[in-house]
Structure formats: structure tokens, C-alpha cells
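The values are calculated or read from the model by the stated rules, or taken from the named source; none is laboratory data. What you see is a predicted model; the values in this text were computed from it and never measured. Don't worry about glycine lacking a Cβ; one is built from the backbone with ideal geometry, like all the others, and counts go over all protein chains shown. Only protein heavy atoms, including side chains, enter the accessible area calculation; ligands, DNA and RNA are left aside. Shrake-Rupley method; radii C 1.70, N 1.55, O 1.52, S 1.80 Å.
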Amino acid sequence: MHRLSRNSVSAIVRNGGVRYRNLAAVPLSSSNLLNDSDRQGDSNLAQFSTRLFSALSTGRNNLSGSKAQLNLNGLPIGSRYESTVAASQSSDPPAEKYEYQAEVSRLMDLIVHSLYSNKEVFLRELISNASDALDKLRFLSVTETGLLSDGLELDIRVQSDKDNGIITITDSGIGMTRQELVDCLGTIAQSGTAKFLKALKDSKDAGADNNLIGQFGVGFYSAFLVSDKVVVSTKSPKSDKQYVWEGEANASSYLVREEIDPEKILPRGTRLTLYLKRDDKDFAHPERIEKLLKNYSQFVSFPIYTWKEKGFTKEVEVDEDPAEAKKDGEDETAEKKKKTKTVVERYWDWELTNETKPIWLRNPKEVTTDEYNEFYKKTFNEYLEPLASSHFTTEGEVEFRSVLYVPAIAPMGKDDIANPKTKNIRLYVKRVFISDDFDGELFPRYLSFVKGVVDSNDLPLNVSREILQESRIVRIMRKRLVRKTFDMILGISMSKEREDYEKFWENFGKHLKLGCIEDRENHKRLAPLLRFFSSQSEDYVISLDEYVENMKPEQKDIYYIAADSVTSARNTPFLEKLTEKEFEVLYLVEPIDEVAITNLKSYKEKNFVDISKEDLDLGDKNEEKEKEIKQEFGQACDWIKKRLGDKVASVQISTRLSTSPCVLVSGKFGWSANMERLMKAQSLGDSSSLDYMRGRRVFEINPEHQIIKNLNDAYRNSPNDEEALRSIDLLYNTALISSGFTPENPAELGGKIYEMMGMALSGKWATPVYEVQEPSQTFRTESGESVEAAQVIEPAEAGSQK
């Protein structure tokens with residue numbers, strides 16, 4: 001509602017009056033009064049303005065009425081107290097409504113060439129249509145018993161002619177009348193199944209049948225993926241006549257006629273005849289047809305028969321050679337025997353293709369273990385029985401059925417752990433195979449080894465039914481499938497037979513460790529399934545639960561060491577103090593182990609601690625003793641640090657050593673020696689990050705070791721002695737190797753070792769050689785006795801020229 005203020009009226013008076021034409025039906029509003037362009041200086045302007053203000057005041061005081069009839073100079077004015085937008089809209093010209101138009105030939109071209117990514121799905125779509133026709137007949141026959149009075153079997157039959165490139169698909173379903181033929185096949189994207197389901201939904205029988213597959217109304221046109229011409233002959237129980245629909249791939253029209261050939265008359269149902277394109281005639285081979293049917297339509301609820309060549313062996317007589325017959329005739333007494341040979345008699349007959357039944361539709365309590373194993377072998381072409389299986393039905397927001405399996409062995413060769421596209425999960429919608437090519441939508445890649453089938457009626461698919469669209473339903477399904485998989489694996493781990501889980505861990509342990517890295521939400525489910533070697537179980541792996549049970553009362557953390565083998569981990573100097581305390585240490589000997597444990601961070605409120613990194617707390621600190629040791633060896637640490645320079649961040653007194661003189665530990669937030677080794681080995685690794693991540697190294701010395709005591713004495717007595725300084729360098733390089741690092745200059749290290757060995761071994765095993773002297777001279781004493789002169793024999797080195 002708009003009102004004119006006193007200032008607005010004053011503005012009208014100042015700028016001149018407004019002369020209205022045809023005032024009788026004009027709404028009195030501010031926009032109408034102020035937007036008129038006819039203005040003039042009138043002698044009666046003041047009187048006009050006064051009357052106008054009076055009229056506005058009267059209208060403002062009578063807001064309850066929708067209109068007020070005023071008389072302005074004898075002219076009635078209709079005044080509306082509403083927005084003028086409605087008035088302006090009523091004055092717009094009338095809009096015309098148009099229907100969307102489509103170029104039929106172009107639309108067909110899009111369906112044939114752009115909708116489907118794989119040509120072979122045409123058979124899946126046509127078989128699904130045939131199954132829907134049979135389902136409709138079965139449903140309608142409940143109320144109309146006469147529909148099945150002819151006694152025909154409800155089945156689908158596929159026949160092919162590979163020489164002429166023709167495929168014929170015949171079903172004994174509901175068929176179509178002439179009008180239904182025009183409506184369903186002549187109208188693109190009109191689904192007869194969807195229309196039938198809508199009729200069911202509107203009736204009291206809603207939900208009575210939920211096995212119908214079609215929904216988009218374009219599946220029939222997939223026939224043109226491989227065909228130049230399609231002929232549909234159909235007979236409905238509702239009609240006495242049989243009609244034929246003919247269409248070509250590049251045509252924008254089709255033909256409908258009545259079938260008059262008696263040999264082609266059907267009792268009931270529909271027959272599709274596909275005349276294949278020249279490049280697609282290989283689809284007409286019976287073996288190719290059978291393979292596609294088993295892949296896509298194996299679990300359709302109606303029997304599917306294929307026209308197949310068969311054979312059997314039999315014995316037939318062989319005509320005798322005339323020469324041999326003459327020879328036999330000479331010996332009349334000889335007994336004659338008829339000669340025969342084995343031949344294969346060929347014939348054609350119908351063979352059932354979909355023998356395997358959808359086991360997931362049955363009650364799990366009624367299915368035996370042998371049936372599960374047999375289904376697994378047939379569906380996934382396996383020869384070994386699975387380690388475990390899980391059959392379940394999920395209801396609620398999403399309804400689906402599934403059977404999952406854990407294989408007995410890991411796949412060989414091409415199926416890599418990091419490849420999520422393993423084709424191990426087969427997705428079905430209403431028992432029709434949709435796809436097994438997923439990129440982590442249903443299962444994370446660390447569970448890609450799990451095999452199974454998933455069947456649901458609620459999945460959001462694209463029109464071609466080849467791609468699973470991302471949606472909330474898919475996320476819910478993924479979450480429940482992962483949870484059931486963990487339950488299945490946990491069942492193996494809790495089995496009485498320990499060998500079962502050891503076998504599983506040997507094949508798929510790396511996958512679960514990858515899950516610790518990629519799936520933080522399921523850490524609590526993954527951690528109990530992990531297994532590792534340890535300092536107290538070097539021959540078999542143990543669980544984290546077993547480790548926690550074996551922990552000492554004073555032990556607060558879970559200790560681990562990463563190495564390339566159990567032998568390397570066992571001999572590392574980092575274990576010395578922990579071994580004395582009988583603390584168990586996990587051995588992480590696979591490349592992925594350290595990253596997995598780092599991502600877990602803790603288990604049952606106990607942190608994972610790497611014993612090869614600085615600030616290791618074993619719970620036995622003695623501040624007074626540490627203070628005394630620091631006073632005694634503190635200056636020696638500074639002396640060693642000065643010699644090593646930037647090679648180490650600091651030199652500290654160690655609390656983790658007992659027999660080794662020193663060790664080189666990593667920074668708390670940097671790479672360990674094992675991780676540094678792995679990163680160097682990466683073919684596509686970034687060398688620039690190596691210096692950054694390995695930047696901090698701490699050189700820890702053992703003050704109880706004699707070598708360290710000698711160096712401490714050397715610092716106090718002769719800090720510039722070359723031998724002492726060379727000993728520091730050799731000590732550092734030795735600690736580099738024993739701690740798991742790689743020396744930067746192996747040749748230099750080798751030279752120092754050889755030099756020290758030369759000093760230590762010089763003359764140690766040399767044999768002393770004594771020189772043979774000439775006979776000594778004889779002297780006579782005063783008493784007349786003869787005495788030989790004494791000579792000193794000096795030892796000579798071996799090989800001397802003396």
C-alpha cells in the first residue's frame with residue numbers, strides 16, 4: 001500500500017498540476033500521480049491540489065475499504081490501496097506457451113552413440129525388457145487367470161545366425177497391442193515398465209511386485225548399437241492380431257503393420273530380430289552370446305535358453321576295401337567281423353544358460369557352506385575355497401543384499417595393492433549385472449581384495465545403467481559393506497585355528513596396514529587385526545592385544561623399532577636397555593609398517609614410541625646421577641660436537657645403551673633411519689625433502705663404555721691429539737652404520753677403518769729372528785784357565801738384510 005505524504009503534495013503544487021485523462025478507472029496512487037508527463041500551469045492549481053489532498057486524507061482514514069469512490073471535479077476516481085506492481089503486470093501482453101521440440105534423428109544418434117560406453121550392453125537391456133514382460137504377465141495373471149491358459153512356459157530364448165549376422169530374442173511375456181507398440185517403441189524415453197509401476201502405485205496393489213527392471217524408456221534403442229535394422233513382432237493376449245514394428249538405425253520414422261505370415265505367428269509374447277552391422281556380426285556367434293548372457297543376465301529370475309550346437313559320439317560301420325574283401329573271401333573258414341569307427345553326431349538344441357541361482361536372495365540360515373563355496377567358485381572363476389564368507393541383508397534407509405568372500409590367496413601379478421579397480425565386487429540391480437568397474441565407490445582400495453556381489457533396488461544409476469552416481473545412498477552402502485567386511489575378518493582372527501588368520505595375514509596384511517593410512521574413521525576396527533613380530537616373538541606374529549597383555553606394570557608406552565629384517569631389528573643397539581628391562585619391542589620389518597603405526601598413534605590409550613628417536617623415556621630417570629654424569633662428560637660432549645660440526649645437532653648422554661659406546665638417533669619429528677632409507681629408494685622421490693626431514697640427528701654416548709672414558713681422558717689431557725680426533729670420526733661413522741643410516745662417503749670410512757686396523761695389528765703376529773754369530777775367541781786367565789769371551793746377540797726383524 002502506497003501513501004502520499006504532505007511533502008509529495010507540496011511538490012506537486014510547486015512543480016505544476018497534473019492533468020488526468022480518463023480518470024474514472026485510474027487507481028489513485030503515488031506512482032500514478034507523480035509519473036504522468038502532462039503538466040501545465042493552471043489557474044485552478046491551488047483548488048485542485050486542495051481537493052486532491054482532501055481525497056487522499058479521506059482514503060487514508062478509511063483503510064478498511066478496498067476502494068473509495070471519490071468525486072474530483074465531478075469525475076469518479078477508483079482508489080486502490082495496493083502495490084502498483086499488480087497493475088503493471090496486468091498491463092503486460094499475454095504470454096504464449098510452447099512445448100519443447102526435439103530433432104528425432106539427432107536424439108536417436110545421441111542415444112546410440114553417446115549414451116552407452118560399451119556395445120555389449122545391448123543384450124543386457126533387451127533381456128531385461130523381456131524379463132519385465134514376463135514379470136508383468138505373471139503379476140496380471142493373478143487377477144486374470146485366462147492370460148496363462150495356453151500353458152506356455154515363461155522363458156526367454158536367444159537364437160543367433162552367425163553366417164548372416166542375425167540375433168533373435170523371443171519371450172513368452174505379456175506382449176503389446178498396436179497402440180502399446182506405438183506408445184512404447186514409437187515414443188523415446190517413455191518406459192512401459194515405469195508406466196506399469198505407476199499404475200500399481202496408484203492402485204491398492206502398490207508394492208506387490210518390485211522385480212521390474214526398466215525405468216528410463218531407452219533400453220530398447222540400445223539394439224541400434226549393433227544393428228542396422230530391428231524388427232519387433234508381438235502378440236498380446238488382449239488382442240487377436242499380431243503386429244510388427246520395423247525401424248532402422250538412421251531413419252526418423254518407423255513402420256507398424258499386421259503380421260499375416262502364418263509361420264511367424266506367436267502364441268503370445270514378443271520376438272526381436274536384430275540385423276547386425278557389418279562390423280558387429282561377431283556378436284552373433286553362439287559362444288559370444290552365451291558369454292554375455294552369463295555375465296550380465298546370469299541371475300534373471302526366468303530361464304534363458306540359447307540355441308546351441310551339441311554333439312554325441314556313436315559307432316558306425318566302415319565300408320571294406322575291395323582288396324581286403326577279396327583276401328577275406330579266400331579264407332572261407334575265417335570269421336568275418338564288421339569294422340566300425342567312432343564319429344561325432346552334430347545337432348542343434350536349446351540349452352539353459354542361467355543355471356546358477358542368486359544365492360543372496362535366499363535365507364542365510366538355509367544356505368550351506370558348500371553352496372556358498374560353489375557359488376564363489378562359479379561366479380569368480382576360483383578353484384580354492386574362500387577363507388570366510390558373509391551373507392547379510394540390510395534394511396532401513398537403504399535396502400540391499402550381499403554376499404562377501406575373503407579369498408584364500410592374494411591375486412598374482414597385475415592386481416596391485418594400490419589399484420582399486422580389481423573387478424572383485426559385482427553390482428546387480430534387481431538381479432541384472434550393472435558393473436564391476438568401480439573406483440572406490442563401494443569399497444576402499446585397501447579392501448579391494450574382498451570379492452562378492454551386491455544387489456539393490458535403490459541404487460542411483462545413470463541412464464545407461466553403467467555408472468554408479470555418487471549420492472548419500474552410495475555412502476551409506478559403502479559404510480555398511482566395510483563394517484560387514486571387518487566383522488568377517490575379525491571372525492577369522494578369533495577362529496580356533498590360528499593358522500587361518502596367519503594365512504590371511506600373509507596374503508592381505510599389507511592391505512590392512514594401508515587402511516591405517518587411508519581410513520582414519522576405522523582405526524578402532526583395523527588396529528585389533530594388525531600383527532607384528534616382536535623381541536619376544538621373532539618366529540610368529542602377535543596382535544596388539546597380546547602385546548598390551550604382556551606389558552610390564554611400569555611400562556607406559558608401546559615400543560617399536562623399524563628395520564629391514566628381523567635380524568637387523570634384533571641386533572640394533574637401541575634395544576639394549578629395553579632388553580635388560582624385559583620390555584617387549586615390536587619389529588616393523590615391512591616398508592609400510594612404520595607409516596601405518598605412525599598414523600595409528602595409539603592403541604588402548606597407550607602411545608606408540610619409536611625407540612630410535614630422541615627423548616626416549618623408559619621411566620627410570622635419576623636426576624642426581626644424570627647431573628653427576630653431565631658434570632663429568634659435559635665438556636667432552638661439547639668437544640665431540642665441535643669435531644663433528646653440522647653432522648649432528650647435539651651430543652648427549654644416552655640412557656638407552658648398555659654395551660655399545662654410542663648411537664645416532666633421529667629427531668623427534670624427522671625421519672627414522674629406516675624411513676630415510678626407504679625414501680632414498682623411491683624412484684620418483686623428491687631429493688630436496690631429504691635434507692629437510694633428516695636434518696636433526698643426535699649423537700648419544702654411553703658414559704659407562706671404556707671407549708667413551710678414554711675419549712674423556714683424551715679431552716682433558718690432549719684435546720688436539722690427532723689420533724683422538726680421528727677416533728671421534730671413526731666412532732661417528734660406526735654409529736651411523738649400526739644405527740641403520742647410510743654413510744655419505746663409504747670409501748672414506750673404509751680408509752679410516754683400514755688405518756686403525758694397521759695401527760692395531762702392526763707387528764702383533766711377527767716372529768722374532770735371532771742372528772747367528774761367529775765362534776767367540778778364547779782367553780786365558782792368570783791362573784791358566786781358558787775362558788770364551790761373552791757376546792750379546794741382538795734380535796733382528798724378519799726380512800732384515802743383516
Q: Could you list, in sequence order, all residues of the range 263-317 that are open to solvent by 60 Å² or more (accessible area, probe 1.4 Å) and closer than 29 Å to Lys241 by Cβ?
A: Glu263, Lys264, Ile265, Pro267, Tyr275, Trp307
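Per-residue answers, yes or no, for (1) open to solvent by 50 Å² or more (accessible area, probe 1.4 Å); (2) closer than 20 Å to Val663 by Cα:
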{"site": "Tyr547", "(1), (2)": "no, no"}
{"site": "Lys556", "(1), (2)": "yes, no"}
{"site": "Thr572", "(1), (2)": "no, yes"}
{"site": "Lys581", "(1), (2)": "yes, yes"}
Q) Out of (1) of a type outside the set (S, T, N, Q); (2) open to solvent by 50 Å² or more (accessible area, probe 1.4 Å); (3) part of a loop (DSSP other than H, G, I, E, B), what's the single condition that is false for Trp348? A) (3)
**Q.** Tally, over the range 226-244, of residues that are open to solvent by 10 Å² or more (accessible area, probe 1.4 Å) and not in a strand (DSSP E or B)
**A.** 5
(Q) Among the residues in the range 456-468, are any under 23 Å from Glu382 (Cβ atoms), modelled with pLDDT of 70 or more and assigned to a strand (DSSP E or B)? (A) no
Q | Counted residues, the range 109-140 - those being open to solvent by less than 20 Å² (accessible area, probe 1.4 Å) and assigned to a helix (DSSP H, G or I) | A | 17
Q) Looking at this structure, is Gly175 assigned to a loop (DSSP other than H, G, I, E, B), at pLDDT below 50, surrounded by 22 or more Cβ atoms within 10 Å (Cβ to Cβ) and in the same structural domain as Phe122 (by the TED database)? A) no
Q.
Being out of contact with any helix residue (DSSP H, G or I) (no Cβ under 7 Å at 6 or more places or on another chain) and assigned by the TED database to the domain that holds Val226 is the requirement here; does Ser141 meet it?
A. no
Q. Looking at this structure, is Arg480 of a type outside the set (A, V, I, L, M), at pLDDT 90 or above and surrounded by fewer than 21 Cβ atoms within 10 Å (Cβ to Cβ)?
A. yes
Q.
Residue pairs, Cβ under 6 Å, 6 or more apart or interchain, first in the range 735-750 and touching a residue at least 24 places away in the same chain (Cβ under 8 Å), second aliphatic (A, V, I, L, M). List them.
A. Ala735/Val663; Ala735/Leu664; Leu736/Leu664; Ser739/Val663; Ser739/Leu664; Ser739/Ala673; Gly740/Ala673; Phe741/Ala673
